[in-house]
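**Q** Take a look at the following structure, please.
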C-alpha cells in the first residue's frame, strides 16, 4: 500500500473514450494490498477494459465477498455501484441484484478462498443458473490474509513458503465452470495484460454466466520456488490457446481474417470476438473438447490460458424465468396491480 | 535501443530540466525543498554559490529554467522558480558568517578585472577566496554594471544591489570605482598575471531614419536614458511617448516612462507580437500598466516641426518565411501610419564597443570587430586576457554573465597555476537513496495540485507614482511554501535495477502519468510508438533497461514523470529506488586543478 493518494495529474495526451472519460476516470481508491500484488494488475485490466468499452461507470455494479481479492473493487471503478458482501456470498447477492435490476452490468470479484472454499456452493449455483454476469476469480492458491495457508486451488505437490508440501487435490475452477454450464470460460494471468484485457472485455460483453479464472501471484506468500502459482512458474508453464481481439458493434469491423487461423464469434449484443489460434487447432466452441484438453494438459503440469469456451447464443436466468423486461424499480402501480379481472383469469387458468 | 548509461553526470542532469537549462546549473529542486522546509538561509547559500546574485536574479532573471520546468508539461504553468529564489533572499538570516574566508597570505598572483558588472564580480567572488589579489576597475561611481544602470528601481531596489554586490566587495578586493580603463595596453603593462574583461555591451543601437538629427532633442537611446534615470539625472519625460523595440529594454523604457510623466505610452515593434524578444511576463507587466504594443510596424521617419519632434511614421509590414524558415519583413502595402508623440525611446538593440583595446597587442578581433574568444575557456587570443558576460559574446542576461564568469575564473586559476586552460573540471555528482521506510521518503512525494501562484503586486496607481517603488511585493512565506510544494523534485531520480525486477507490472499500473512500459525492445522511433502513453517529446530521454527475464525491456519515458516515487513504493522487490541526484559545478580552486 502507499500512504499518499495517487496524484491527480495525468499524462497530458491521455485520450478520452466515446463518453469523454479518460482511463484515469475509471480508477478507484489507491490500493492497500501488498506492493506487487497480482490483484492490482487485474484491477488495472478491469479499468482498461471498461475504459475501452466506453462503459458508463454508473451502469456497472461490482460485487465481492471477503479476502484480498474481494477488497479490490475499492481500487477500480470508483464511480460505480459496489457491494462488499459476506464471505462466499457474493454470488447470491449478485443473483438477487441482477433479478431486481437487469439493466446493470454485473461484475463479481472473488478469490480462490471465497469461491472454491467457503463459497463453493454459491459459485456453482450462480454458474449453473446462468446469471448474466462477469465472474472473476483472482486465484493465487493461498490464503494471503491469514498468512499463507494452502487454499483449495493449491496444486498437489506444491510447496508453501514455509516448506510444507500440499497433499490435497486441487479444485480446478475452470473445469468446474465448464461442467456446470458456464457459457463463457477463460483463464488468464495477471502478468499478461495483453491477454487479460480483451478477455475481460469479451466477458463484460457476454450474455450469460461469464467466468474468468485469473492466476494472480501472491508476492508475499506464494511467489517462491516450489509454488505453482508464482510469476516464474506460470510464465514457464503458460500455454495460451488463442489471442483475442474484441470488436464492439460501434467500431468498424475490420479483422485480419486468416482462414484456418482466425475464428470469428459474434456475441448476442453484436460484439465480435476474433480469436487468433495459437494452439493446435483448439476449438473454443467445443465444450467437451475443452474439458478433455484441459484435463490432458493439467496432467502434464501445463496451465492452459485464453478463451477456452464460448457459447454466443447463450440464454440467461431471466430468459429461463421469463421475468419482466424492465428493472423492478421502474414498474409502476398499474403494472404491479393489474386488477381483479387479471387475477380471476390467472386463477381460472390454474383450475 | 541499448540500455541507458546512467553513469557520468549527464543523463540524470538532463532529467532535472531546470538545472540543465540554467546556465550556471543551479540545483533548483534542492533549494526549493529548503524553502519549503523554511531553511531560507541554506536555500540562499546554495543559490549564492551557483549564481552569486540570488536577490537580484530572483527579481530580474530571464529564467531559462521555467520554460524547461517539467511541471509546465504536466499542467498549465511551470513552478515560479525565479520568484521562489527571491523568497530565499527576502527571508534569510545574516549570512556574513557563511561567506568564504579570504586568506591573509595571498598566493602572489594579481588579476585585474575591467568592469564591475555581474561577470567580473563573479570572477572576483571565485578568485578572491583562493588568495588572488583582485583589482576591479569601473568607470561608474558604484559597482554592479548593467544591474545598477539599466534595470529600473521599480523592478530591483537599490538596497538589494548594494547588499549582494557588497558581499563580493567584502572579500578583500581592491575596487577602483570611477576609474575608466582607456588602454588595455597600459593595463597589461602593469604586471597583472591575468586580465578579465567584463565591460558588457554598453552601446545602444541608434536608428538612422529621416528626421533623426532634426528632432534629436526628444529622441533618446534606451539604455543611456535608463541609466540616466537610474543615476537620477533624468526625472521627467513628455506625456506622449513612443518606445521603439521589442526587447526587455523596451519594456523597461516604457514602464519607466509611465512613472516619469508619460500618460500615453506606446510600444511599437517591427516583428509580430509573439516573436518579440521580451519575456512574456515583461510584456504582460507593460500591458498591465496600460501600455499598448503595436506590431509589424517599421519606423520610416521622425516628423518634426520647428526643431521639435511631433511623431513617427511607420510602414506596415508582414512576415514572410523562405524555404529555410528564415523570416523577412516585407511591406504589406497598407498606407503608412503616423503616431504623434513628444518623446521617442530607441531600444532596438545593444552593441559591444572596445575603443579602448588596441588592435596591435596580440589580441585578435573578428570581422564584426568583436574579440576572438574561446567559447569554453573564455580566453582571448592573448593568453593572459579573458572575456566574459556581454563583452564576450554580445548581450545576454545576468545569469549567462555569471555562468561565464565562473568558467573564466576556472580558466584564470588554471592559467595562473601553469595548467592547460582547455582542460575543464568535471562537475561533482552524487546519488543518494531517499528511502527511509516502506512508504517513507526523505522528500515530500505527495504531489501538490495547486496551480501557479501569482506574485502579489503593489497597487497600480501607487506604483506608477514613484519610479523607485518596487512593483512586485514577492511571495510571503505562506505563498512561497505553497508554490515550493508545486516542485516535482525532478532531482530525485527513478533508478531501476534489472536483476531485482519480477515483471509484476505494479509500477506500470500505479504510474499516474503512464511513463512505464514493459515491451519488446526496438529502435527509438518504434519504441516511442509502442509505449503506454504517446511519446512525442524526443527532447526527453527514454530510460531503457537491459533485457529482463521474459526477454522484454523496461522503458521509462522521462518526459512527464512526476517523481512521486509510487513506482518504487509499489515495487515488491526494490527494483525501483528513488535516489537524489546532486550535481555541483566545480568552480575555480583546488578541485578544478589537475595537480
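The values are calculated or read from the model by the stated rules, or taken from the named source; none is laboratory data. Fair warning: this is a prediction, and the values are worked out from it, not measured in the lab. Using ideal geometry, Cβ is built from the backbone for each residue, glycine included, and neighbour counts are taken over all protein chains shown.
**Q** Check region B:29-42 and report whether any residue there is more than 17 Å from the chain's Cα centre (by Cα), surrounded by fewer than 24 Cβ atoms within 10 Å (Cβ to Cβ) and closer than 22 Å to residue B:156 by Cβ.
**A** yes
**Q** Can you tell me which residues in region A:178-204 are within 14 Å of another protein chain (Cβ to nearest Cβ) and in contact (Cβ under 8 Å) with a residue 60 or more places away in the chain?
**A** Within region A:178-204, A:188, A:189, A:190, A:191, A:192, A:193, A:195, A:196, A:197 meet the criteria.
**Q** Of the conditions (1) part of a helix (DSSP H, G or I); (2) modelled with pLDDT of 95 or more, residue B:281 satisfies every one except a single condition; which number is it?
**A** (2)
To keep it simple, each residue is scored yes or no on (1) touching a residue at least 12 places away in the same chain (Cβ under 8 Å); (2) outside any strand (DSSP E or B); (3) closer than 28 Å to residue A:96 by Cα; (4) under 25 Å from the mean Cα position of the chain (by Cα).
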{"position": "A:279", "(1), (2), (3), (4)": "yes, yes, no, yes"}
{"position": "A:284", "(1), (2), (3), (4)": "yes, yes, no, yes"}
{"position": "A:295", "(1), (2), (3), (4)": "yes, yes, no, yes"}
{"position": "A:298", "(1), (2), (3), (4)": "yes, yes, no, yes"}
{"position": "A:320", "(1), (2), (3), (4)": "yes, yes, yes, yes"}
{"position": "A:335", "(1), (2), (3), (4)": "no, yes, yes, no"}
{"position": "A:344", "(1), (2), (3), (4)": "no, yes, no, no"}
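**Q** So which residues in region B:378-391 are under 22 Å from residue B:589 (Cβ atoms) and buried (at least 21 other Cβ atoms within 10 Å of the Cβ), if there are any at all?
**A** Once the filter is applied, which keeps residues that are under 22 Å from residue B:589 (Cβ atoms) and buried (at least 21 other Cβ atoms within 10 Å of the Cβ), region B:378-391 yields B:378, B:379, B:385, B:386, B:387, B:388, B:389.
**Q** While we're here: Taking the residues in region B:533-550 that are within 14 Å of chain A (Cβ to nearest Cβ) and buried (at least 20 other Cβ atoms within 10 Å of the Cβ) as candidates, determine which candidate is nearest to residue B:501 (Cα to Cα).
**A** If we take residues in region B:533-550 being within 14 Å of chain A (Cβ to nearest Cβ) and buried (at least 20 other Cβ atoms within 10 Å of the Cβ), then B:533 is nearest to residue B:501 (Cα to Cα).
Conditions tested, residue by residue: (1) within 19 Å of residue B:27 (Cβ to Cβ); (2) surrounded by fewer than 16 Cβ atoms within 10 Å (Cβ to Cβ).
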| residue | (1), (2) |
| --- | --- |
| B:71 | yes, no |
| B:76 | no, yes |
| B:87 | yes, no |
| B:109 | no, no |
| B:112 | no, no |
| B:118 | no, no |
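**Q** Please go through region A:1-41 and pick out each residue that is without any contact (Cβ under 8 Å) to a residue 24 or more places away in the chain, under 21 Å from residue B:534 (Cα atoms) and within 11 Å of chain B (Cβ to nearest Cβ).
**A** A:7, A:8, A:9, A:10, A:11, A:12, A:13, A:14, A:15, A:24
**Q** Looking at region B:481-496, is at least one residue farther than 25 Å from residue B:79 by Cα and either assigned by TED's automatic domain parsing to the domain that holds residue B:252 or at pLDDT below 95 (or both)?
**A** No; the residues of region B:481-496 include none that is farther than 25 Å from residue B:79 by Cα and either assigned by TED's automatic domain parsing to the domain that holds residue B:252 or at pLDDT below 95 (or both).
**Q** Same structure again: Determine which single condition residue A:93 fails, assuming it passes every other condition in (1) away from every other protein chain (no Cβ under 14 Å); (2) without any contact (Cβ under 8 Å) to a residue 40 or more places away in the chain; (3) in a loop (DSSP other than H, G, I, E, B).
**A** Going through the list (1) away from every other protein chain (no Cβ under 14 Å); (2) without any contact (Cβ under 8 Å) to a residue 40 or more places away in the chain; (3) in a loop (DSSP other than H, G, I, E, B), residue A:93 breaks only (3).
**Q** Still on this model: Which of the following residues is free of Cβ contacts under 8 Å to residues at least 40 places away in the same chain, farther than 30 Å from residue B:465 by Cβ and part of a loop (DSSP other than H, G, I, E, B): B:270, B:318, B:359?
**A** After applying the criteria, what remains is B:359.
**Q** Also, I was wondering about something else. Scan region A:47-61 for residues that are more than 18 Å from residue B:512 (Cβ to Cβ), within 14 Å of another protein chain (Cβ to nearest Cβ) and crowded, with 22+ Cβ neighbours inside 10 Å and jot them down.
**A** Listed by number, the list holds a single entry, A:49.
**Q** Quick one: is residue A:82 outside any helix (DSSP H, G or I), under 21 Å from residue A:123 (Cβ atoms) and in contact with a strand residue (DSSP E or B) (Cβ under 8 Å, 6 or more places away or on another chain)?
**A** Yes: the conditions hold for residue A:82.
**Q** Out of everything in region B:551-595 that is assigned to a loop (DSSP other than H, G, I, E, B) and in contact with a strand residue (DSSP E or B) (Cβ under 7 Å, 6 or more places away or on another chain), what residue ends up being farthest from the other protein chains (Cβ to nearest Cβ)?
**A** Residue satisfying both the conditions and the ranking: B:586.
**Q** Of all residues in region B:491-509, which are more than 7 Å from chain A (Cβ to nearest Cβ) and under 24 Å from residue A:22 (Cβ atoms)?
**A** B:494, B:507, B:508
**Q** Residues of region B:70-95 being in a helix (DSSP H, G or I) and within 14 Å of chain A (Cβ to nearest Cβ), which ones?
**A** Answer for region B:70-95, where residues must be in a helix (DSSP H, G or I) and within 14 Å of chain A (Cβ to nearest Cβ): B:71, B:72, B:73, B:74.
**Q** Has region B:383-390 got any residue that is within 21 Å of the chain's Cα centre (by Cα), away from every other protein chain (no Cβ under 14 Å) and assigned to a helix (DSSP H, G or I)?
**A** yes
**Q** Which members of region A:300-318 meet the condition of being assigned to a loop (DSSP other than H, G, I, E, B) and closer than 26 Å to residue A:233 by Cα?
**A** Across region A:300-318, the qualifying residues are A:300, A:301, A:302.
**Q** For the structure I just gave you, tell me whether residue A:44 is within 13 Å of another protein chain (Cβ to nearest Cβ) and buried (at least 21 other Cβ atoms within 10 Å of the Cβ).
**A** So residue A:44 passes the test.
**Q** Keeping to region A:205-235, report how many residues are more than 30 Å from residue A:315 (Cβ to Cβ) and either away from every other protein chain (no Cβ under 14 Å) or in a loop (DSSP other than H, G, I, E, B) (or both).
**A** The number of residues fulfilling the criteria is 15.
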